[in-house]
Amino acid sequence: MESSASGSGESQTQKRSVIWMHFTNILEANAKSNLCKNIYSHKNGNISNLRKHLKTKHPTLSLEGERAKRRVEDENMPRCKKNLVSDS
């Protein structure tokens with residue numbers, strides 16, 4: 001979970017996209033690039049602006065490797081077992 005800085009307006013929702021490895025959420029609908037420190041909008045959870053920034057301004061950055069690494073980490077996380085209740 002992301003921690004919220006006091007008074008910064010950040011939400012405490014977990015970001016699932018690998019895009020967030022390269023941005024810091026600031027205010028409610030903005031994010032700052034960790035690479036170049038520019039600020040971009042991401043209204044209503046739409047991160048296409050952030051993805052476009054990475055593709056055009058940082059083209060040597062590969063998100064595919066990070067996506068695969070994150071997928072392996074997710075697969076290794078323990079899962080909750082469903083509580084089976086019999087109707088007897």
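Values in this text are rule-based calculations from the coordinates and carry no lab data. In this text, all values refer to a predicted model and were calculated from it rather than measured experimentally. When we count neighbours, we look across all protein chains shown, and the Cβ atoms used for this are built from the backbone with ideal geometry, even at glycine.
Ordering of 25-32, 36-43 by packing is 25-32, 36-43, highest average first (other Cβ atoms within 10 Å, averaged per residue).
Modelled label positions at Leu35 and His58, each set 7 Å beyond Cα in the direction of Cβ, lie 0.5 nm from each other.
Between Phe23 and Asn34, the built amide H atoms are under 5 Å apart, and every one of these is 5 or more places off in sequence or on another chain.
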